[in-house]
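**Student:** One structure, pasted below without further comment.
None of the figures in this text is laboratory data; all of them are computed from the coordinates on show. From a predicted model like this one, the values you see are computed outputs, not experimental measurements. Counting neighbours? That spans all protein chains shown, and the Cβs are built from the backbone with ideal geometry, glycine included.
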Amino acid sequence: MMQAQSQQHQRRTIRLREYDYSWAGWYYVTICTHNRVCFFGKIVDGQVLLNQVGRIVEEEWLKTPHIRPGIELDEYVIMPNHLHCILIIGDLCRGVLQYAPTNGFRSPSQSLGAIIRGFKGAATKKVNVLQNTVSIPLWQRNYYEHIIRNDADLHRVRTYIQNNPLQWEVDEENPENNRAEQSKGR
């Protein structure tokens, strides 16, 4: 019984083992809401309509480069139950992607994980204040990341983010699609 419980709680990491996520680079990140609940608004005719919670999330996301120097934001979209974004850590030439570690020491607060944790914490705190709740989870425990390695990859990710609202009707993150799939299986 004890062994079954410990196996159940082990999570497989998707992070690259030898990669330091504070290295200068371009990162594509997806952050989902807790239980994929549509907290942030809705999609109407392929357009995102953020509610008050969604606007708070956007406001906190846009504060990121002001709070953490050396961070830039690129394309992003806030969907009803997740956020897709590209962020840039470090000083990189805008026209040419670089995929190489720097040898200089960088603060752990500049790592991708610290940036995402800080954003999620600030957004959760503001939403809980708005809703007069305490410690209600807003986000899933982890996030998906992809290191953008070249201009073609950057273009593909940007296009995906830009078109995401248009794909909501068929998106696997759309809870309406999951309910339809579940009812087919019955």
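**Student:** Residues in the range 54-76 near a label at Asn132, defined as backbone nitrogen under 20 Å from the 7 Å Cα→Cβ point?
**Tutor:** The answer is 54, 56, whose backbone nitrogens lie closer than 20 Å to the label point.
**Student:** Around Ala24, which amide H atoms from residues at least 5 apart in sequence, or from another chain, sit under 5 Å from its own amide H, with H modelled in the peptide plane?
**Tutor:** Amide H to amide H, under 5 Å and 5 or more residues apart or across chains, Ala24 pairs with Thr102.
**Student:** Dipole of the range 22-169 (Lys/Arg Cβ +1, Asp/Glu Cβ -1, origin at the Cα centre): which of Asn142, Trp168, Leu87 lies farthest to the positive side?
**Tutor:** So the residue we want is Asn142.
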